[in-house]
Every structure is written in structure tokens, then in C-alpha cells.
Amino acid sequence: MAIRPPFLDRVETRMEALLRVDPAADDAETERLLDAARDLCLAGGKRARPWLAWLLGRALGATEEALLDLAVAAECIHAASLLHDDVVDEGTSRRGLPTANARWGNLAAVLSGDLLLTVALTQLRSHPPALHHAAVDTVAAMTRATLQEAGARGRTDLTPARWREIAWGKTGVLFGFCGTGAGILAGDAPSADRLGQACAHLGVAFQTADDLADLCGWTRGKAPGADLRNRNPTLPLLIAAHDHPPIREALRRAWARDPVDPEDAAHVAGLVRATDAVPRTLEALAAEVASAEAALAPWAAHPNVEQVLGWANSLVAEGEAPCPSP
């Protein structure tokens, strides 16, 4: 996203209006929930999901007003998932600011996330039932994947294939909702399915890039090494642990301590970087991008789709940057 489209400003303006406190109607508890939601939603972020929805929807002829509803719904669902994730992970910082749970407590953070989900669904009231169904299916899939991710925390025996299943449900399906929704709003059901698959692959690619950044120390909206310290099995960690029993044992010992010792985490990261886990993770990222390209082939000549594919390939290029030496 080299040039930020004005559409994203409209998304943020809409979210700010939806989450604005009404002194005449909102009590102190409601104000706290709105504050928590607004602080996260308006604290920055890449806005990749609204951007995808807008580019692909406009390529198919959907109106910008309809796509604004879709984009805001997708971003609110995303923000809700972050609020809930920070409670599960006991996170204290996101986007350079204290998390909602750190500032207002777990109850406010969870209920603020729930509030955002209701805000998301209300944006879709005037649109076809298929869009509502897609939104509900998306939240359900993300919830299941979040539960699976929580069950996988601290596990060193998780397979890379299982990691992808969780990533598809946790990240891929929300990206996919943006593509599916774009097709639905354009009145093109066959294209909706195809765009949904393409964007789901892009979502897994996005998550894979995030895993690489966590290992290699690149900043992508959170502190490098956070996943390792939070016992979140990432793809490069799992590739290395699967192929190298000594690394699996070192990771098990690091994750057995509460909290994880930063020196232990740094040691494990160095061991993983010394293997072929990074290039193999990059190969997996490139494969997801290639699958997205194949799904988007019918529209490849459209300038909007060219932008999407350019962004996707930039994820691969970022992953090719040198990782720190162990």
C-alpha cells in the first residue's frame, strides 16, 4: 500500500463515529467499553482487510458505499479478535500502546471485543443475507481457530500442517470474508467464492510473514519475539523443532519456565535461524501467494488486482531480507 487511498480515511471516520461516546446516553461502564474499542481501532494498523475489500469490490463494480459497510465490518471483527487475543496472551502492549486488558482489565477488554462484533454485524443490515451468513461463518471459524490456537500454546509437537489449519481459520477466513463480501456486493456469486479463496490464501501469507518477522526481529506492529515469549508456535519454530530434536528440547525447556526467560527465547531463536527453517517458511509464504495469484488470474490485468498482487509479492520480498546471524 504505497499510496493510502482516501477510502481508508472514510473507514476510520466511520469507526470513530460508531464508537463515539454519547454523554447523554452512555453510562460510565459503556463509556469504558467504547474507550477500549476506540483506542485499539484508531491507534493505527495496516488496514489491509478494508483495502482488499475496496480494491477487489471496485474491480467487480460494487459501489463504494456498500464496500464501506463491508470494510468497517471486517475491521471491527479484526479489532475484536485482537482485544480477545490480548486477554488470552496476557499481552500488555499493542501498536506501541498499552493493551485494553492492561489498561482497563480483562472484563472490559472481552466485552469491548464483543461490542465490536455487534457493531460489525449492524453494518451489514441493509445488504443481502448471503453477506450476513458469510460474516457469521467468519466469526465462528475464527472462534474455533482461536480455541485451537490456545490449545496449541506451548506445544512443541504441533506439525506445520496443523499450524496452517489454525492460520487459515484465525487469519485466512477474515481476509477471505473481504473477498467474498466484495463479490457478493458486486452481485457476482461465482466470483465471490473465487475471491474469497484468493484472499484467504493472502491471509495465510500475511500470517506467515508475521511469523518470520517475529523470529527475525522485524517490527510489524508488535514487539519482535513476542510469539516465542508467549509460547505461540510459529511456522519457523515448528519446522525447526520438527526436524531437529535438540531444538525441540531447547524450546520445550524455554516454554517450561513461567515467564519465559528472554535469554532462553533469544537462544532458541538463534538456533532456529541457524537451520533452513527461515527459507522453508519463505517457500510456504510464496506458495500461498502463488495460490492467490492463480485464483485472481481472471482479473490479473485489472489495475486494482495488480495492486493486490504487488502487495502480496512484497510480503515475499520482505521475507527475503537477511535474518540476523545466530
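Subtracting the Cα-Cα distance of Val21 and Leu121 from 0.36 nm times their residue separation leaves 34.1 nm of extension gain.
Based on C-alpha pairs under 8 angstrom that are at least 6 apart in sequence, the chain has a relative contact order of 17 percent. 3J(HN,Hα) couplings calculated from phi for the stretch 84-89 with the Karplus curve 6.51 cos²θ - 1.76 cosθ + 1.60 (θ = phi - 60°) are, in sequence order, 5, 4, 5, 5, 4, 7 Hz; Gly and Pro show x. With the convex hull drawn around the C-alpha atoms of the chain, the volume per residue stands at 122 Å³. Taking the charge dipole of the stretch 6-319 about its Cα centre, with +1 at Lys and Arg Cβ atoms and -1 at Asp and Glu Cβ atoms, the residue from Ala277, Thr234, Ala294 reaching farthest to the positive side is Ala277. Put simply, the amide H of Arg94, placed in the peptide plane, has neighbours under 5 Å in Thr99, leaving out anything fewer than 5 places away on its chain. If R0 is taken as 41 Å, the Cβ-Cβ distance between Ala256 and Thr30 corresponds to a FRET efficiency of 0.45. In this calculation the C-beta distance from Asn106 to Asp276 is compared with R0 = 45 Å, giving a FRET efficiency of 0.65. Taking only alpha carbon atoms, the stretch 1-132 gives an Rg to Rh ratio of 0.99, where Rh is the Kirkwood radius. Inter-part distance, the stretch 33-48 to the stretch 155-227, computed on C-alpha centroids, equals 20 Å. Applying a 4.7 Å Cβ-Cβ cutoff to the chain leaves Cys41, Cys76, Cys178, Cys199 as cysteine residues with no disulfide-compatible partner.
For the pair Glu249 and Arg95, a Förster radius of 30 Å applied to the C-beta separation gives a FRET efficiency near 0.30, rounded to the nearest 0.05.
The order of the peptides 225-231, 22-28 by mean Cβ neighbours within 10 Å, most packed first, is 225-231, 22-28.
Please check which bits of the stretch 115-138 a label hung off Leu42 would reach, taking the label as a point 7 Å along Cα-to-C-beta and the cut-off as backbone N under 16 Å. Counting only backbone N, you get 116.
A short reminder: the numbers here are calculations on the coordinates, not readings from a lab. Just so we're clear, the structure is a prediction, and the values are computed from it rather than from any experiment. Heads up, the Cβs are rebuilt from the backbone with ideal geometry, glycines too, and the neighbour counts pull from every protein chain shown.
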